[in-house]
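The structure under discussion appears below in the form of structure tokens.
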Amino acid sequence: QVQLVESGGGLVQAGGSLRLSCTASKSLFSINTMGWYRQAPGKQRELVARITSGGTINYADSMKGRFTISRDIAKNTVSLQMNSLKPEDTAVYLCNAYYYRDYEQDFFDSWGQGTQVTVSS
């Protein structure tokens, strides 16, 4: 199993910035996709951004231009820089690892514990 540890959440005013970090227990090259998701109260979990082991990046349209996902291979860490934050960005942000297990010959998901981001108006 891949363990994920998230940090960087907090309270920020609208227009402010936060940087979230997610550290995995194994090399990012061994994880097919690292992603950030978020879930607000009463809403479904949604994709924020993701990056593949090959470096391909995808953003949800609503976050494009404001959020940036990046990785530090040496530290097994994926970060999410969030700028121009809006109250509607308030949610629990979760790190996700989608990876292949050789023994089962199947793909699995691991999730971090979640970190709260609150944006005040």
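As an exercise: evaluate residue 63 against (1) surrounded by 13 or more Cβ atoms within 10 Å (Cβ to Cβ); (2) over 14 Å from the mean Cα position of the chain (by Cα); (3) at pLDDT below 95; (4) of a type outside the set (S, T, N, Q) and give the number of the one condition it does not meet. Every condition holds for residue 63 apart from (2). When residues in region 23-58 are screened for being within 11 Å of the chain's Cα centre (by Cα) and either small (Gly, Ala, Ser) or over 30 Å from residue 105 (Cβ atoms) (or both), 3 of them pass.
Could you say which residue among 71, 38 is open to solvent by 60 Å² or more (accessible area, probe 1.4 Å), touching a residue at least 24 places away in the same chain (Cβ under 8 Å), assigned to a strand (DSSP E or B) and not β-branched (Val, Ile, Thr)? Being open to solvent by 60 Å² or more (accessible area, probe 1.4 Å), touching a residue at least 24 places away in the same chain (Cβ under 8 Å), assigned to a strand (DSSP E or B) and not β-branched (Val, Ile, Thr) holds for just one of 71, 38, which is 71. Filtering region 76-121 to residues that are in contact with an Asp or Glu (Cβ under 9 Å, 6 or more places away or on another chain) and not in a strand (DSSP E or B) leaves 112, 113, 114. When region 41-60 is filtered for residues that are under 29 Å from residue 88 (Cβ atoms), in contact (Cβ under 8 Å) with a residue 12 or more places away in the chain and surrounded by 15 or more Cβ atoms within 10 Å (Cβ to Cβ), the ones remaining, listed by number, are 48, 49, 50, 51, 52, 60.
The values are calculated or read from the model by the stated rules, or taken from the named source; none is laboratory data. If you're wondering where the values come from, they're calculated on a predicted model, not measured in any experiment. All Cβ positions, even for glycine, are placed from backbone atoms using ideal geometry, and neighbour counts span all protein chains on display. Ligands, DNA and RNA are stripped out before the accessible areas are found, and what is left, the full protein with its side chains, is counted by its heavy atoms. Shrake-Rupley method; radii C 1.70, N 1.55, O 1.52, S 1.80 Å.
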